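Asker: Right, I'll just put the structure down here and ask away after.
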Amino acid sequence: LCTTNKHKSLVFTSHKSIARTTLPRLLNLSASTTFRFARSFSHPQISTMSLPSPVPIALCGKSQTMATNFSDSMSKEGYEVVHTCHDLDSAKSTLPSLLPSSTGPLAVVIGKGFYESEMQDIIKHCQSEAGGAKTVWLLPDDDKFTAYMKVKAVASAGTMLPGMIAERAAAALKENGVVGGGSTEGVKSGVHGF
């Protein structure tokens, strides 16, 4: 709705009662004319179209604090950590039933707190138990953690580390076809570094 101020410029407001009371007096208009004018500025219907759902992923991270911070950072990237495992046994017992599920994680990110042998054990166990589930496995790759990233992590006393790791993980997920939209068509299942 619009009204005029003392400088004769237009001022917009969203309250219809102002258009019914103040506007007619200012512009010397009848109430019915003002109401028709006000209706032309009414709010359009709010769309019921939903935003894209975050992509479900799982996390194997030994540090609960790092896992929580990583999960928060991944949500900003369009991913939702739907399951977290903090040790080898929980990963081997819970992931195989989650991976083939239609609502389960499309990818599993394994943190650096796990030994290389534990990472391989988790992957082999899940692949044999979950059958042919199309899963992207992301493992830490020290070569992709640049000197600049290391300096930035040290300079922030580690506070920026979960966000930096999440950025790297999100980029690797996108490179391997794990993106929003619900389609698994372009997903490059297998083991990848991030």
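Asker: Name the residues whose placed amide hydrogens come within less than 5 Å of the amide hydrogen of Tyr79, ignoring near sequence neighbours (fewer than 5 apart) on the same chain.
Answerer: Val55
Asker: Still on this model: What are the radius of gyration and Dmax of the stretch 55-194, computed over its Cα atoms and given in Å?
Answerer: When restricted to the Cα atoms of the stretch 55-194, Rg and Dmax are 14.2, 44 Å.
Asker: Let me ask you something else. Determine, for each peptide in 120-126, 97-103, the mean count of other beta carbons within 10 angstrom over its residues, then list the peptides with the highest first.
Answerer: 120-126, 97-103
Asker: Counting other beta carbons within 10 Å of each Cβ, put Lys92, Lys76 in order, fewest first.
Answerer: Details: Lys92 17, Lys76 12.
If I rank by nearby Cβ atoms, fewest first, I get Lys76, Lys92.
Asker: Let me ask something additional. Given the pairs Lys134/Lys174; Lys62/Lys150; Lys92/Lys174, which span a C-alpha to C-alpha distance of over 23 angstrom in this model?
Answerer: Lys92/Lys174
Asker: For Thr84, list long-range residues whose amide hydrogen, built 1.01 Å from N in the peptide plane, is under 5 Å from its own amide hydrogen.
Answerer: Here the answer is Leu59, since their amide H atoms fall under 5 Å of that of Thr84.
Asker: Evaluate the stretch 127-194: find the radius of gyration of its Cα atoms, find its Kirkwood radius, and give the ratio Rg to Rh. Can you show the working numbers first?
Answerer: Working: Rg = 14.6 Å, Rh = 13.5 Å.
That ratio equals 1.08.
Asker: Oh, and also: Per-residue HN-Hα couplings for the stretch 149-154, Karplus 6.51 cos²θ - 1.76 cosθ + 1.60 at θ = phi - 60°, whole Hz, x for Gly and Pro?
Answerer: Residue by residue, the stretch 149-154 yields 5, 5, 4, 4, 5, 5 Hz.
Asker: Once the other residues with Cβ under 13 Å from the Cβ of Leu88 are scored (Lys, Arg +1; Asp, Glu -1), what is the net sum? Spell out each step's value before the answer.
Answerer: Working: positive: Lys62, Lys92, Lys124; negative: Asp87, Asp89, Glu116, Glu118, Asp121.
It works out to a net charge of -2.
Asker: Also, I was wondering about something else. Could you list which residues have their amide H under 5 Å from that of Val136, counting only those 5 or more apart in sequence or on another chain, with H placed in the peptide plane?
Answerer: It is Ala107, Val108, Gly190, by chain and number.
Asker: A further question on this structure: For the stretch 52-57, take each phi angle, set θ = phi - 60°, evaluate the Karplus expression 6.51 cos²θ - 1.76 cosθ + 1.60, and give the result in whole Hz per residue in order, putting x for glycine and proline.
Answerer: Karplus-based 3J(HN,Hα) across the stretch 52-57 equals x, 6, x, 7, x, 9 Hz.
Since every read-out is calculated from the coordinates, none of them should be taken as a lab result. These numbers come from a predicted model, not from an experiment. All Cβ positions, glycine included, derive from the backbone under ideal geometry; neighbour counts span all protein chains shown.
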